[in-house]
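Just so it is clear, none of the values below were taken in a lab; they were calculated from the coordinates. The shown structure was predicted, so the numbers you read here are calculated from the model rather than taken from an experiment. Positions of Cβ are backbone-derived with ideal geometry, glycine not excepted, and every protein chain shown enters the neighbour counts.
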Ligand SMILES: [Zn+2]
């Protein structure tokens with residue numbers, strides 16, 4: 001496990017927990033899987049489970065599909081969340097909560113692939129220095145099948161990494177593994193790492209494919225319009 005450098009004393013003002021949870025037991029957990037595998041649903045369930053036990057958490061996201069500061073899932077759940085930017089210092093975010101008298105026992109970090117590497121290191125620092133549990137949810141790889149930098153850092157630093165087991169299937173029935181970017185009906189392999197699009201627009205959309213069909217660029221039979229998908 002690598003150590004993470006944090007500015008000396010940066011977290012010293014943050015008290016640790018309320019004593020009901022073991023000190024020093026906080027963990028950094030990374031849950032990953034392809035699009036549509038239920039990451040945001042699990043993120044919301046995780047928050048619900050901890051809140052029921054009287055714990056206080058913050059929900060963070062970046063570029064949620066709703067285009068708003070919310071964590072939303074494809075099965076219709078949603079909750080308000082804090083939208084972070086490249087400039088957000090997650091330690092300051094937690095420290096501000098403490099300054100306002102709010103406890104922070106855990107963070108739910110959705111769409112974590114869009115966080116910066118520095119922010120992943122800040123999360124590790126919060127776990128180690130402030131005993132805040134961090135549950136991070138996101139994609140591992142981009143449309144080129146290359147790791148997102150934040151995901152790579154999470155693989156390096158997380159206490160626990162779990163690939164989500166909700167199967168997303170390629171059109172052929174094999175397990176979907178890779179997130180293909182499709183522009184004007186063609187699989188594209190080059191371009192900006194982050195193009196946040198409507199996943200059902202005609203210009204740029206994303207589709208989960210098995211490795212074989214990702215490599216072949218074979219998108220399968222025509223995809224029905226979104227309305228039909230939702231009714232299916
Ligand atoms: Zn396939």
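Things worth noting here:
- For 108, 84, the sequence from fewest to most other C-beta atoms within 10 Å is 84, 108.
- Where only alpha carbons of region 28-163 are counted, the Rg and the Dmax (Å): 13.7, 44
- Among 134, 104, 194, the order by Cβ neighbours within 10 angstrom, fewest to most, reads 194, 104, 134.
- Förster-model FRET efficiency, 30 Å R0, residue 96 and residue 63, C-beta, rounded to 0.05: 0.85
- Where a label projected 7 Å from the Cα of residue 53 along Cα→Cβ would reach, residues of region 116-133 with amide N under 12 Å: 133
- Cα-projected label distance for residue 27 with residue 194, points at 7 Å along beta-carbon direction, nm: 2.8 nm
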